[in-house]
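> Please find one structure pasted underneath; my questions will follow.
The values are calculated or read from the model by the stated rules, or taken from the named source; none is laboratory data. Quick caveat, the model's predicted, so the values are computed rather than measured. Heads up, the Cβs are rebuilt from the backbone with ideal geometry, glycines too, and the neighbour counts pull from every protein chain shown. Ligands, DNA and RNA are excluded from the accessible area calculation, which covers all protein heavy atoms including side chains. Shrake-Rupley method; radii C 1.70, N 1.55, O 1.52, S 1.80 Å.
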Amino acid sequence: PPPAGKRILIERVKFLWKRVKFLHKVSIRNILRYKKRMVMMILGVGGCTALLLTGFGIRDSIQHILDYQYDEIEIYDCSVSFRQALSPSEREAFLAAHSDEVSGAAFLHVSAMDLTAGGKTLSVNTVVFEEGPEGFIDLHRGEERLPWPGPGETVIDYRLAMDCGLKKGDAVTLRDPELREVTLTVSGIFDNYIYDYAFICADTFREQWGTVPEGKTAYLNLAEGAEPHAAAASILSDGNVAAVNLLADMAERVGSMLSSMNYVVLIVLVCAGALAFIVLYNLTNITINERRREIATLKVLGFYPAESAAYVFRENMVLTGISALAGLPMGYALLWYVMRQIKISSFYFGCHAAPLSYVLSVALTFVFAAVVALLLCFKLEKIDMADSLKAIE
């Protein structure tokens, strides 16, 4: 049998309670009368909202890395690999020969080296520069702009720092394929999502090796109005150019690789809907069966079907709202945990949920609740007034 009603805290606030409509007072009392059911609904429906936010958050975290990487961090248009390192005069000749396609260039040494720190050894793309490649790479951590490293220093990406347990001021060792080593101090940690990078100034190698690795790579910004693929073909025709990589093409390839993650998001959303439907349907069904005489009495008193349904489902909608709000922080915590478990070589996804994802999570939770209410409306209409009123408690 249903538990007896009790006075609730809000009743003691006289000026507020007397302004609440009678049927709304009944709904508030009923919500607090069935405490176990209220907790079950908050956990179940809140779990639905949490799963929805997790699903949308996974999508946001994955989709946005392309924008972050290729619009905010790597802001050059293409990279060029040369067969032989260029002298200063050869660099000027190269830029003059392609002045119609290229508006700016940064000549660098880029190679894979082994970074050892914290008892781990990981491969990292080492970028050695004479002058910081401003306008080609944007080093930042959140909103904070990072300075380019000086002699004996390096700036590494966040995923690399996290994997090796590094922080600013820690020492690391880099070893090239010829087993030459250079010891560095981490001067900064920057945001990066695709591959691992360590930026080092050329003076570091002059001091420790007595020589600087040959610069066989250039980051290029294309001239305004230049067609990327035509410009790449023109640059590739140069006899000393081994390869040209357009960042737009690379972003497209990475995007196609990550598109399969959309199926994971879809599965999470379907599971969230199933959870909400099962919880809401079962708890509402129990409520209707327990309160058949109460609902029949409303019908006898002349309540219209819509009014009877509103009387029953108003409580569900209030609890759904409370559950959805409770599910948002649970969803973000679950998203943070899930993104920490997704470990794909060369990718760091971070943890990001767009404001629209919060709105959609709450809205879809209410949609699931409305669908359940619509299905159970037919059950309310089938309650026989005479049989329900004659039933023994």
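> Return the residue satisfying two criteria in turn: it lies in the range 62-94 and is more than 19 Å from TYR197 (Cα to Cα) and of a type in the set (A, V, I, L, M), and of such residues it is farthest from the chain's Cα centre (by Cα).
ALA93
> Need pairs with beta-carbon distance below 6 Å; first residue over 14 Å from LYS379 (Cβ atoms) and within the range 282-308, second open to solvent by less than 20 Å² (accessible area, probe 1.4 Å); sequence gap 6+ or separate chains.
Listed pairs, sorted by first residue: ARG293/SER388; LEU298/SER308.
Listed here are the residues, each with its yes/no results for (1) acidic (Asp, Glu); (2) in a strand (DSSP E or B).
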residue: ALA112; (1), (2): no, yes
residue: THR116; (1), (2): no, yes
residue: LEU122; (1), (2): no, yes
residue: ASN125; (1), (2): no, yes
residue: GLU131; (1), (2): yes, no
residue: TRP148; (1), (2): no, no
residue: PRO151; (1), (2): no, no
residue: VAL155; (1), (2): no, yes
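> Could you tell me which numbered condition SER99 fails, if it satisfies all but one of (1) open to solvent by 60 Å² or more (accessible area, probe 1.4 Å); (2) part of a strand (DSSP E or B); (3) closer than 22 Å to LEU247 by Cα?
(2)
> Would you tally the residues in the range 61-84 being farther than 22 Å from GLU227 by Cα, at pLDDT below 90 and either open to solvent by 20 Å² or more (accessible area, probe 1.4 Å) or in contact with a helix residue (DSSP H, G or I) (Cβ under 6 Å, 6 or more places away or on another chain) (or both)?
Total meeting the criteria: 5.
> Let me ask something additional. Quick check: is even one residue across the range 230-246 in contact with a Lys or Arg (Cβ under 7 Å, 6 or more places away or on another chain), farther than 25 Å from ILE73 by Cα and part of a helix (DSSP H, G or I)?
no
> Let me ask something else about it. Could you tell me which of the residues TYR197, TYR193 is modelled with pLDDT of 90 or more and not aliphatic (A, V, I, L, M)?
Exactly one of TYR197, TYR193 is modelled with pLDDT of 90 or more and not aliphatic (A, V, I, L, M), namely TYR197.
> Would you list the helices (runs of 4 or more DSSP H) that sit entirely within the range 279-393 and hold 2 or more residues that are small (Gly, Ala, Ser) and closer than 30 Å to PHE56 by Cβ?
305-341, 355-381
> Taking the range 1-48 as the search range and keeping residues that are buried (at least 16 other Cβ atoms within 10 Å of the Cβ) and among the small types (Gly, Ala, Ser), which one is modelled with the lowest pLDDT?
Applying the filter and picking the extreme gives SER27.
> Could you list, in sequence order, all residues of the range 291-314 that are over 43 Å from the mean Cα position of the chain (by Cα) and either under 13 Å from SER27 (Cα atoms) or surrounded by 14 or more Cβ atoms within 10 Å (Cβ to Cβ) (or both)?
Hits for the range 291-314 are ARG291, ARG292, ARG293, GLU294, ILE295, ALA296, THR297, LEU298, LYS299, PHE303.
> Of all residues being surrounded by 19 or more Cβ atoms within 10 Å (Cβ to Cβ) and not hydroxyl-bearing (Ser, Thr, Tyr) in the range 335-361, which is nearest to the chain's Cα centre (by Cα)? Just the residue, please.
ALA353
> Please work out which one of (1) out of contact with any Lys or Arg (no Cβ under 8 Å at 6 or more places or on another chain); (2) surrounded by 14 or more Cβ atoms within 10 Å (Cβ to Cβ); (3) not polar (S, T, N, Q) is the condition LYS382 fails and give its number.
Going through the list (1) out of contact with any Lys or Arg (no Cβ under 8 Å at 6 or more places or on another chain); (2) surrounded by 14 or more Cβ atoms within 10 Å (Cβ to Cβ); (3) not polar (S, T, N, Q), LYS382 breaks only (2).
> All but one of (1) in a loop (DSSP other than H, G, I, E, B); (2) among the aliphatic types (A, V, I, L, M); (3) under 19 Å from TYR68 (Cβ atoms) hold for LEU166; which doesn't?
(3)
> Of the residues VAL300, VAL265, VAL279, VAL254, which single one is in contact with a Gly (Cβ under 9 Å, 6 or more places away or on another chain) and more than 15 Å from PHE368 (Cα to Cα)?
Just one listed residue meets the conditions, VAL265.
> Moving on. What residue, among those in the range 112-149 that are open to solvent by less than 20 Å² (accessible area, probe 1.4 Å), at pLDDT 90 or above and over 19 Å from ILE194 (Cα atoms), is farthest from the chain's Cα centre (by Cα)?
Once the filter is applied, the top-ranked residue is PHE129.
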